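Heads up, the thing below is written out as structure tokens.
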Amino acid sequence: MLSFEERLAVAPILVVDDNETNIMLLENLLRQRGYRNVMSTSNPLAVTALHREHQFALILLDMQMPELDGLGVMRLLRAEAIEDYLPVLVITAQTDFDLRLNALGLGARDFVIKPFANAELAQRIRNLLEVQLAYRDRLEQAAILEVKVRERTAELEATQREILHRLALAGEYRDNETGNHVQRVSHGALALALAAGLDADTAELIGHASPMHDVGKIGIPDHILLRPGRLNEAELRIMRRHVEIGGKILGGHQAPVMSMAYRIAMNHHERWDGQGYPAGIAGVQIPVEARVVTICDVFDALTAVRPYKPAWPVEDALAFLREQAGRHFDPELVARFIDILPEILAIRARFSDPGDGLPSP
């Protein structure tokens, strides 16, 4: 790594003056002070292209030039928006106050009047180079920090998704369902969300969050959760508490995937006609992510083998979805689900349970 003095010595510097003698004098001064990366031009119209290519740490700019004066050069540099810090040191024989004010207003960092003392100009050049190098160091550090923040954010999001997945598996192991059930619901919900026209980021969040829809079953007693027959009214009330339990487990966190999982857990038993629970909301009041997951969850449960029931044929499960469209389910989402049925069946084949063949349509 170069030392600071070495970085100063190789910092790219451009001299802009229509007078070749002035250019020679400034180049000699710079090289005598140890600056090794010096370029020059007598054409002010070439400055912008040169700066875009070389990203000069400092431009020594004359004001009075034919074709385009120094103010015009700075206007072009600002219009190009090559960088927000304009590294310009104006060197001119003009003493007009308005000119100086305009130059500083356009971004000039310093202003030296000819004739100048070599020692003073050399010190002003060094001061500006030090500021410019510090400015670029800050930009580089900010860029590095931004990359690290993105990487860390991605790691945290991946960890959150993994925690959700493992917590979902813990819930499924207490139930009669399998880990593959949550995989099928997850991938099916992603596919249905995309088919429904949701944006890719939202659909992906739904896919990651949907396995948590029944996590609240962790808090339901085994004698109710694992009972193969119908539940009585008292037992049903207890079973329905898994929605609120899931909400308590997932609520209170601002991470997008956690917020999504909370909304799904709290609303996946609501019905399109308002006859669901826990809040009895209806239609589009139900978050779309919950409406998506409900269809995928019910279809998978119906077509899967359980200790208390055989798998329904796909045609029977589809008939149930059609019958309940506009009652239990969002009718538009049911139509989109039927549209992507081949994809849903492919997901079932990919995540089938051992010994569980695909039901025939």
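Results, tabulated for the structure shown:
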read-out	value
Calculated FRET value between Gln55 and Val112, using beta carbons and R₀ = 22 Å, to 0.05	0.45
Heavy-atom accessible area ranking, 1.4 Å probe, most first, across Asp330, Asp273, Asp98	Asp98, Asp273, Asp330
Packing-based order for 227-233, 136-142, using average beta carbon neighbours within 10 Å, highest first	136-142, 227-233
Potential extension, Arg31-Leu133 segment - 0.36 nm per residue separation minus Cα distance	34.8 nm
Antiparallel bridge percentage (DSSP; both residues within the chain; nearest 5)	5
Dipole of the chain, positive direction: furthest Cα of Tyr85, Ile13, Val149, with charges on the beta-carbon	Val149
Order by protection proxy (mean Cβ within 10 Å, highest first), peptides 146-155, 250-259	250-259, 146-155
Value of relative contact order over segment 216-292, rounded to a whole percent, pairs C-alpha under 8 Å and six or more apart	23
Residue-averaged 222 nm ellipticity for the chain, from DSSP H runs of 4+ at -39500 (n - 2.57), nearest 500	-18500 deg cm²/dmol
Options [x] 24, 29, 15, 25, 7, 0; [y] 26, 52, 17, 4, 1, 0; [z] 29, 58, 13, 0 - which one matches P(r) over Cα pairs in 20 Å bins from 0, in percent as calculated here	[x]
Surface accessible to a 1.4 Å probe, Val38 within the full protein complex, Å²	20
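The values are calculated or read from the model by the stated rules, or taken from the named source; none is laboratory data. It should be emphasised that the depicted structure is a prediction, and the values quoted were computed from it without experimental measurement. With ideal geometry, Cβ positions are generated from the backbone for all residues, glycine too; neighbour counts draw on all protein chains shown. The accessibility values were calculated without ligands, DNA or RNA, using every heavy atom of the protein model including side chains. Shrake-Rupley method; radii C 1.70, N 1.55, O 1.52, S 1.80 Å.
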